[in-house]
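Asks: Please find one structure pasted underneath; my questions will follow.
The values are calculated or read from the model by the stated rules, or taken from the named source; none is laboratory data. These numbers come from a predicted model, not from an experiment. All Cβ positions, even for glycine, are placed from backbone atoms using ideal geometry, and neighbour counts span all protein chains on display. Heads up: the accessible areas ignore ligands, DNA and RNA and are worked out on the full protein's heavy atoms, side chains in. Shrake-Rupley method; radii C 1.70, N 1.55, O 1.52, S 1.80 Å.
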Amino acid sequence: MAESEGITLCAVAGITTNFCVLTTAMDALCCDFKAVILEDCTTAATETIHRQTLDIYRKNVLYPLFTIMTSEQFLQELGQQEA
């Protein structure tokens, strides 16, 4: 249904980068959405866990279907797509 509405992208923010945020992004991929984790809109129990989780997925084989970016980068990219 989402694709028929023109929705193809899921931007993920939230708590527990290494669990809830990551599994939400993976679920989006499984449902045929592109997924973006907004790194400055997520957090984990420690900054180290947050950073390590993002670094693992920053360069992955699913690019460009799955990316990590800041909210500012995300909004810039959306603006470029609309132009």
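Asks: What is the sum of charges, Lys and Arg at +1 and Asp and Glu at -1, for the other residues whose Cβ falls under 15 Å from the Cβ of ILE37?
Replies: Local net charge: -2.
Asks: Return the carbon/sulfur percentage of the accessible area of the chain, one whole number, probe 1.4 Å, all protein chains in place.
Replies: It is 58 percent, rounded to a whole number.
Asks: What is the sum of charges, Lys and Arg at +1 and Asp and Glu at -1, for the other residues whose Cβ falls under 9 Å from the Cβ of THR70?
Replies: Summing Lys and Arg as +1 and Asp and Glu as -1 gives -3.
Asks: In terms of modelled amide H atoms, which long-range or inter-chain residues lie less than 5 Å from the amide H of THR16?
Replies: Hits under the 5 Å cutoff: THR43, ALA44.
Asks: With a sphere of radius 13 Å drawn around the Cβ of ALA11, what net charge do the other residues whose Cβ falls strictly inside it have (Lys, Arg +1; Asp, Glu -1)?
Replies: That sum, taken over residues with Cβ under 13 Å, equals -3.
Asks: Then there's this: Mind checking the per residue accessible area of the chain for me, 1.4 Å probe, whole number of Å²?
Replies: In whole numbers, the chain has 67 Å² accessible per residue.
Asks: Another question, if that's okay. If amide H atoms are built 1.01 Å from N in the plane of the peptide, which residues on other chains or at least 5 residues away come under 5 Å of the amide H of ALA35?
Replies: The list, which skips near neighbours in sequence, is CYS10, PHE66, THR67.
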